[in-house]
Each structure stands twice: as structure tokens, then as C-alpha cells.
Amino acid sequence: IPLRALPALTDIRYERTADGIAKMTICRPSVRNAFRPQTLRELEHALMHARDTPSIRLVILTGEGTLAFCSGGDQSARGHGGYVGHDGIPRLAVLDLHIMMRRLPKVVIAMVAGYAVGGGHILHLVCDLTVAAENAVFGQTGPKVGSFDGGYGSSYLARIVGQKKAREIWFLCRQYSAEEARAMGLVNTVVPLEELEVETVKWARQVLEKSPTAIACIKAAMNADGDGHAGLSQLAGEATRMFYQSEEGKEGKKAFLEKRKPQFVPYVQET
Ligand code: 2NE
């Protein structure tokens with residue numbers, strides 16, 4: 001039984017396998033799977049559902065069809081100061097989505113066919129792993145369309161591909177083939193288009209064989225240096241979660257509720 005109910009979805013498809021994979025598909029192929037505020041809200045709900053559902057252990061993020069993973073922010077929804085949804089308020093909500101993806105204590109794999117450009121390129125970048133089809137095309141477009149992402153889209157990109165390459169990607173707005181992206185460390189593997197889903201699930205199932213706690217901690221640790229205090233908080237949160245499960249942690253809560261002094265002496269560790 002899901003702990004968190006999902007609202008009706010129009011812009012994404014959310015599917016689950018019995019062995020713990022959640023697949024989120026951006027379904028706006030007529031605009032190369034560009035995201036609008038509604039798309040981002042649905043992805044946020046889906047990520048929260050995946051986070052709160054213990055049986056979901058891993059997320060695959062992809063786009064509908066073979067022409068595009070995602071072409072970034074829907075330019076027709078772009079207003080004065082952000083992308084405008086039903087409530088009329090301009091926002092850059094995709095930046096919050098990046099943080100949710102990083103904070104999810106489960107692996108997120110980007111399954112990329114076709115274009116991953118602009119904000120769509122950053123979505124794959126923020127995923128923990130990327131499996132790309134041979135027809136995948138990567139690149140930033142912001143400076144061509146009057147936009148940029150100075151967050152993960154620039155500093156994290158530079159950590160992955162190096163400063164010179166990151167500057168090339170942003171300043172020239174070139175498009176890169178799947179093989180070029182693999183060579184610069186942007187994607188983990190490149191496979192023929194017809195093998196994309198099978199290969200992605202193969203990678204996912206190899207992750208699923210591993211310790212979920214180890215995976216959550218190593219993801220938090222890898223995020224920690226780049227995410228500053230928020231990264232340390234995520235990493236420390238994993239430690240707190242494990243501490244709550246210990247007898248020592250439970251004694252603190254129990255003593256408070258029983259209005260007595262806690263007995264921590266049995267838990268003093270020998271060095
Ligand atoms: C994706 C790309 C390279 C595909 O090219 P192609 O030739 O395969 O298709 P085409 O004809 O350009 O696009 C097909 C339809 O999709 C729409 C197009 O307007 C076209 O519509 P129709 O002519 O059929 O009516 N479409 C494609 N991308 C769209 C988009 N992002 N928004 C709205 N409609 C879109 C080529 O289409 C392309 O370069 N697209 C634009 C990529 C882009 O610049 N994205 C925005 C970057 S800024 C951003 O994402 C961002 C940020 O920087 C900071 C914060 C938040 C977001």
C-alpha cells in the first residue's frame with residue numbers, strides 16, 4: 001500500500017516493477033518532452049512517492065519516444081521571471097527538483113534516447129547514472145535562448161567534465177553525440193537504441209542486489225562536498241536514521257517519554 005497517494009498525472013507516466021524499480025516518463029513528445037510547471041509538480045509528487053515507499057529502491061527517469069529524453073523548460077510556458085503554471089506564478093521549480101533528486105536516498109538512473117538538451121541535459125546530469133542510446137544528443141542551449149543554470153548545470157557539470165569542457169559546452173552551445181558524452185564522463189554507457197531499456201534495467205538490477213543502506217550513505221557522501229551544509233545534513237541524516245534504530249538512540253526517547261534520566265552507560269564504546 002503506497003504511503004503517499006499520487007494525484008492524477010497528465011504530463012508524466014509513473015510505473016513500478018515488482019522488484020523495486022519506479023520508472024518516471026516525461027510524456028510530452030510533441031515538444032520533445034519539454035517540461036512545464038505541471039510536469040515538474042508531477043515529477044516532485046512521483047519522487048516523494050518513491051522516497052516514501054520502502055518497496056521502491058531505484059528510479060529510472062526517461063522521456064516518451066525515441067526522439068528526446070527532455071528538451072528543457074517549455075519555452076511557451078516561460079513568462080516574466082520564470083515558467084508559469086496554473087497559478088500564474090513564475091517559478092524555476094526545476095531547481096528544486098534537482099535537489100529532490102540529489103536528496104533521494106535511492107539511485108536515479110537517466111535512460112536517454114534522443115535529445116537531452118538545455119534543462120533536459122541538466123536533468124540527466126543530476127541523475128546518479130546515465131545509460132544512453134546511440135542516438136542520444138547532449139548539450140546546453142541556454143545562452144541561445146536567453147537562459148542559463150548556474151547551479152548544478154554549471155558547477156557540477158564542471159566537476160564531471162572539467163572546467164575547460166564545461167565552459168565549451170555553455171559558451172558554444174554545441175551538441176555532442178552519445179559517444180562524445182561517454183568519452184567526457186557525462187554518461188556511463190552507450191548502447192544501441194533497441195537495447196536501451198533492457199540495458200538500463202540490467203544496470204538497475206545490479207544496483208538492487210546491493211545493500212540499500214550502503215547505497216544511500218555513499219550517495220549522500222558523494223553529494224556532501226558539492227552540496228555544502230545541505231550535503232552534510234543529508235549525510236548526517238543517514239547517520240541519524242541508523243542511530244534511531246539503535247538501542248542507545250531508543251533509550252533516549254524512551255527515557256524522555258517515561259520522565260526519567262536516560263541510562264546511556266551500557267552504550268559507552270571502548271576505543
Ligand atoms: C530539442 C531540439 C534540439 C529538437 O530539434 P528537432 O529539430 O528534432 O525538433 P524541433 O522541430 O525543433 O521541435 C519539435 C517541436 O518541439 C518544440 C518545437 O518548437 C517544435 O514544435 P512545433 O514546431 O512542432 O510546433 N519544442 C522543442 N523543444 C521545446 C522547448 N524546450 N520548449 C517548447 N517547445 C519545444 C530543439 O527543438 C531545441 O533546441 N529545443 C529547444 C531547447 C531549449 O532551448 N530548451 C530550453 C533551455 S533553457 C532551460 O531549459 C532552463 C534553464 O536554462 C534554467 C531553468 C529552467 C529551464
Point to revise | Pairwise Cα inverse-distance average, inverted: Kirkwood Rh of the range 97-143 (Å) | key: 11.0
Review point. Taking the DSSP beta bridges in the chain as the whole, what percent of them are antiparallel, to the nearest 5?
Key: 30
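Given the pairs Lys165/Lys202; Lys23/Lys210; Lys23/Lys219; Lys106/Lys144; Lys219/Lys261, which are separated by over 25 angstrom at their Cα positions?
On the way: Lys165/Lys202 30 Å; Lys23/Lys210 19 Å; Lys23/Lys219 19 Å; Lys106/Lys144 34 Å; Lys219/Lys261 37 Å.
Going by Cα-Cα distance, Lys165/Lys202; Lys106/Lys144; Lys219/Lys261 fall outside the 25 Å limit.
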Point to revise | Built amide H within the under 5 Å cut-off of Arg36, gap 5+ | key: Asp74
Review point. Which order do Thr240, Thr62, Thr10 take when ranked by solvent-accessible area (1.4 Å probe, heavy atoms of all protein chains), largest first?
Key: Thr10, Thr240, Thr62
Check your understanding: For the chain, modelled as a GNM with alpha-carbon contacts under 10 angstrom, which of Lys254, Lys144, Lys210 fluctuates the most?
Key -> Lys254
Study note, to complete from the structure: For the range 16-58, the percent of all C-alpha pairs falling in each 5 Å bin, from 0 up to the bin holding the max distance, is 6, 22, 24, 20, 15, 10, 3
**Study point:** Distance (nanometres) between label positions extended 7 Å along Cα→Cβ at Arg205 and Phe171
**Key:** 4.6
Check your understanding: What residue among Leu61, Pro143, Ala18 has its Cα farthest toward the positive end of the dipole of the chain, where the charges are +1 on Lys, Arg and -1 on Asp, Glu, each on the Cβ?
Key -> Pro143
Review point. So what's the projected area for the range 91-202, the Cα convex hull averaged over all directions, in nm²?
Key: 6.8
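Where does the range 1-103 land on Rg/Rh, using Cα atoms and the Kirkwood Rh?
When Rh is taken as the Kirkwood radius, the ratio is 0.97.
I want to verify the translational diffusion coefficient of the chain in µm²/s; compute it with Stokes-Einstein, Rh as the Kirkwood radius over Cα pairs, at 37 °C and 0.692 mPa s.
Roughly 165 µm²/s, to the nearest whole number.
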**Study point:** Percentage, to the nearest whole number, of Cα pairs in the range 189-271 over 15 Å apart
**Key:** 73
Revision key, fill the gap. In order over the range 77-93: 3J(HN,Hα) from phi, Karplus 6.51/-1.76/1.60, θ = phi - 60°, whole Hz, x for each Gly or Pro, gives 9, 7, x, 7, x, x, 8, 9, x, 4, 7, x, 9, x, 9, 10, 5
Study note, to complete from the structure: Log10 I(q)/I(0) at q = 0.20 Å⁻¹ for the range 153-204, from Debye over equal alpha-carbon scatterers, is -0.75
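The values are calculated or read from the model by the stated rules, or taken from the named source; none is laboratory data. Values in this document were obtained by computation on a predicted structure and should not be read as measured data. Using ideal geometry, Cβ is built from the backbone for each residue, glycine included, and neighbour counts are taken over all protein chains shown. With ligands, DNA and RNA removed, areas are computed over all heavy atoms of the protein, side chains included. Shrake-Rupley method; radii C 1.70, N 1.55, O 1.52, S 1.80 Å.
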